[in-house]
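The values are calculated or read from the model by the stated rules, or taken from the named source; none is laboratory data. What you are looking at is a predicted structure, and each value in this text was computed from that prediction instead of being measured. Virtual Cβ from ideal backbone geometry, glycine too; neighbours counted across all protein chains shown.
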Amino acid sequence: GVDPRLVERAQGKLDAVIDQRREAEAQLEEAQDKPQSSIDLDSLQKAIEAARTAGVAAALVDAVEAGWARGSSNRQKAEDNLASVLEAPSPALKLNLLECNIQLARAAGVAPQVCDAAQERWEQVTTERHAAATHLQTFRRMLSQRRSYHKWYANDRAALIQLQARERMHARLRRFRTTLAAVVRIQKNARRERIRPMLMEVIEAAQMLKVGNVFIKFSQSGPPHDRWV
């Protein structure tokens with residue numbers, strides 16, 4: 001003999017509790033199926049509290065809460081590691097390590113703005129290092145060209161000095177040959193001038209032999225003398 005209206009209200013409350021519990025279970029199961037990078041930990045924590053209040057099975061709630069704790073810990077660790085890497089100055093920043101930490105942070109669900117800022121820092125440092133490497137390569141090429149030019153200039157200058165020395169030597173040889181030829185001519189002329197008086201004497205003696213007898217007397221001292229007989 002229970003009042004039907006009381007039963008109806010009780011049944012309505014029961015149905016509402018069951019619906020609330022089913023909704024909470026569905027939210028927890030949906031959260032379990034999502035990848036960690038897309039889970040909203042604050043919303044998940046509220047869903048866990050709502051599930052406990054709705055009387056969802058403790059095993060399911062505990063499993064989801066354990067996953068939430070792991071996800072929260074991994075996300076915090078990834079965020080801390082990313083911040084630690086970003087503290088390094090640009091020259092000492094390890095790009096490979098930063099890139100790995102960015103990927104881990106995105107996978108752990110770290111705030112997108114934090115990951116995007118780290119990505120911009122990575123791109124900036126990469127661009128700066130690429131520009132520095134290009135500038136260094138250009139400087140090395142210029143230095144190599146300058147060394148090649150200096151080497152070529154030194155070799156060419158040495159060859160020029162050697163050629164000039166050879167030309168000076170040839171000029172000296174030419175002057176020496178010219179001087180030697182002049183000396184030889186002078187010596188020939190001198191010998192010719194010395195021989196000419198002797199030839200004249202011989203010619204005169206020959207003429208004298210044609211016209212008369214000549215007695216030639218040689219003394220032990222002094223030059224010889226001739227006398228008409």
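Do we have ASP226 as modelled with pLDDT under 85, part of a strand (DSSP E or B) and surrounded by 10 or more Cβ atoms within 10 Å (Cβ to Cβ) here?
yes
Any chance region 154-170 includes a residue that's over 25 Å from PRO91 (Cα atoms), among the β-branched types (Val, Ile, Thr) and not in a helix (DSSP H, G or I)?
Scanning region 154-170 turns up no residue that is over 25 Å from PRO91 (Cα atoms), among the β-branched types (Val, Ile, Thr) and not in a helix (DSSP H, G or I).
Which one of these is in contact with a Ser or Thr (Cβ under 9 Å, 6 or more places away or on another chain), at pLDDT 80 or above and surrounded by fewer than 16 Cβ atoms within 10 Å (Cβ to Cβ): ARG141, ARG129?
Going through ARG141, ARG129 in turn, the sole match is ARG129.
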